[in-house]
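Student: Sharing a structure here in structure tokens format.
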């Protein structure tokens, strides 16, 4: 047998990496995707994106790309992409940690026992620095899904904190997973009580984590890439109907629930919401506040579920005015859920087009 042509092999790998970088930059949003590239990808997005997505989630190339992202983000944002203030709620301290170019990890501390859980530790060194600053012990990692920008720090932190448990859904092939979770399973860390909710659509095993409230303190939802301020995640591994069911899970929570999303997407999401609900005064008020925050590089988390229902179009799929803005009507033989799923699909399509501008 002839020896392999390594020059061709390396060229193919480089080509795959190029596709991966281009497609993931498209995913990252408007700030990383400009001019001619967007026009090319508009014609070829689906096949190239599926190749890149498979490489990102199922091969070492994805991990290498994540490592590159992390190095570049540390260079460009040595103090993080956003400044965040801890929120203290009756013995619970929640610290947003700015990681990568627009992600958030969240350290949740039981202040009475000085133990903590971390949600989606994408940059483990950034998380470890906050752990040391707070003087607390890490007992659990709550991972929403497998994408490296949410799970990349799991194994590093697990090695450093030997007794730390890694939670997530087994369907999603979470790195370092030690404690698989199903829908409505509970996780206890000190006096902190989390409920895991199965919310597929963005990935097949996506989960969100609801921290119990108590004594007048609202619950907190750590939503990963399911729901953002005025937005929702892309449907990489699920149908619109699957994603709609997951969004309905969020919509069923109490309106005072604090929302802690996985990315700083507020400004772009609210700009998009203007296109489908230009007369929404709640959206306009929130947008003005977000502009003030972002002009100072301040974190926009948390919002509340009640606020999101007022301006987040992805949680307003039941409203006739939104259907009209999307140019949709319910068909005579179409049930209500199918119609809302169709509206979600159209809304998400428009958001993807908006991101390409």
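The values are calculated or read from the model by the stated rules, or taken from the named source; none is laboratory data. Worth saying up front: this structure is predicted, and the values here are computed from it rather than measured. No Cβ is skipped: glycine too gets one built from the backbone with ideal geometry, and neighbour counts run over all protein chains shown.
For (1) surrounded by fewer than 24 Cβ atoms within 10 Å (Cβ to Cβ); (2) modelled with pLDDT of 95 or more; (3) assigned to a loop (DSSP other than H, G, I, E, B), each residue gets a yes or a no:
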| site | (1), (2), (3) |
| --- | --- |
| 157 | yes, yes, no |
| 166 | yes, yes, no |
| 175 | yes, yes, yes |
| 197 | yes, yes, no |
| 201 | no, yes, yes |
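Student: Next question. Quick check on my filter: what residues within region 144-155 are in a loop (DSSP other than H, G, I, E, B) and either over 18 Å from the mean Cα position of the chain (by Cα) or under 16 Å from residue 208 (Cα atoms) (or both)?
Tutor: Correct list: 144, 145, 146, 147.
Student: Against the conditions (1) under 24 Å from residue 269 (Cβ atoms); (2) in contact with a helix residue (DSSP H, G or I) (Cβ under 8 Å, 6 or more places away or on another chain), where does residue 156 fall short? Just the number, please.
Tutor: Checking residue 156 against (1) under 24 Å from residue 269 (Cβ atoms); (2) in contact with a helix residue (DSSP H, G or I) (Cβ under 8 Å, 6 or more places away or on another chain), the one that fails is (1).
Student: Further question: Being surrounded by fewer than 19 Cβ atoms within 10 Å (Cβ to Cβ), under 14 Å from residue 92 (Cα atoms) and in contact with a strand residue (DSSP E or B) (Cβ under 8 Å, 6 or more places away or on another chain) is the filter here, so list the residues in region 111-143 that pass it.
Tutor: Within region 111-143, 111, 114, 115, 134 meet the criteria.
Student: Which pairs have Cβ atoms under 6 Å, sit 6 or more apart or on different chains, and link a residue in region 231-243 that is on the phi < 0 side of the Ramachandran plot to one that is outside any loop (DSSP other than H, G, I, E, B)?
Tutor: 231/269; 232/314; 235/243; 240/341; 240/344; 240/345; 241/341
Student: Residue 122 versus (1) assigned to a loop (DSSP other than H, G, I, E, B); (2) touching a residue at least 60 places away in the same chain (Cβ under 8 Å): which is the lone unmet condition?
Tutor: (2)
Student: Here is a further query. Is there a residue in region 230-240 that is under 12 Å from the mean Cα position of the chain (by Cα) and assigned to a strand (DSSP E or B)?
Tutor: yes
Student: Can you name every one of the helices (runs of 4 or more DSSP H) wholly within region 251-353 that holds 3 or more residues which are assigned by TED's automatic domain parsing to the domain that holds residue 95 and under 30 Å from residue 214 (Cβ atoms)?
Tutor: Hits in region 251-353: 281-295, 305-311.
Student: Could you please let me know if residue 190 is surrounded by fewer than 21 Cβ atoms within 10 Å (Cβ to Cβ) and over 18 Å from residue 261 (Cβ atoms)?
Tutor: Against the criterion (surrounded by fewer than 21 Cβ atoms within 10 Å (Cβ to Cβ) and over 18 Å from residue 261 (Cβ atoms)), residue 190 does not qualify.
Student: Of all residues in region 55-68, which are in a helix (DSSP H, G or I) and touching a helix residue (DSSP H, G or I) at 6+ places or on another chain (Cβ under 9 Å)?
Tutor: 55, 56, 57, 61, 62, 63, 64, 65, 66, 67, 68
Student: Quick check on this structure: which one of 324, 286 is surrounded by fewer than 20 Cβ atoms within 10 Å (Cβ to Cβ) and more than 16 Å from the chain's Cα centre (by Cα)?
Tutor: After ruling out the rest, the residue left standing is 324.
Student: Please determine whether any residue of region 146-155 is in the same structural domain as residue 301 (by TED's automatic domain parsing), surrounded by fewer than 19 Cβ atoms within 10 Å (Cβ to Cβ) and within 25 Å of residue 55 (Cα to Cα).
Tutor: Checking region 146-155: at least one residue is in the same structural domain as residue 301 (by TED's automatic domain parsing), surrounded by fewer than 19 Cβ atoms within 10 Å (Cβ to Cβ) and within 25 Å of residue 55 (Cα to Cα).
Student: Within region 239-263, can you find the residues that are in contact with a strand residue (DSSP E or B) (Cβ under 9 Å, 6 or more places away or on another chain) and under 11 Å from residue 200 (Cβ atoms)?
Tutor: 243, 246, 249
Student: Sticking with this one: Would you mind telling me which numbered condition in (1) in contact with a helix residue (DSSP H, G or I) (Cβ under 7 Å, 6 or more places away or on another chain); (2) within 15 Å of residue 261 (Cβ to Cβ) residue 150 fails?
Tutor: Result: residue 150 fails condition (1) only.
Student: Moving on to the next point. Every residue in region 325-338 that is without any contact (Cβ under 8 Å) to a residue 40 or more places away in the chain and over 14 Å from residue 248 (Cβ atoms), please.
Tutor: Passing the criteria: 327, 328, 329, 330, 331, 332, 333, 334, 335.
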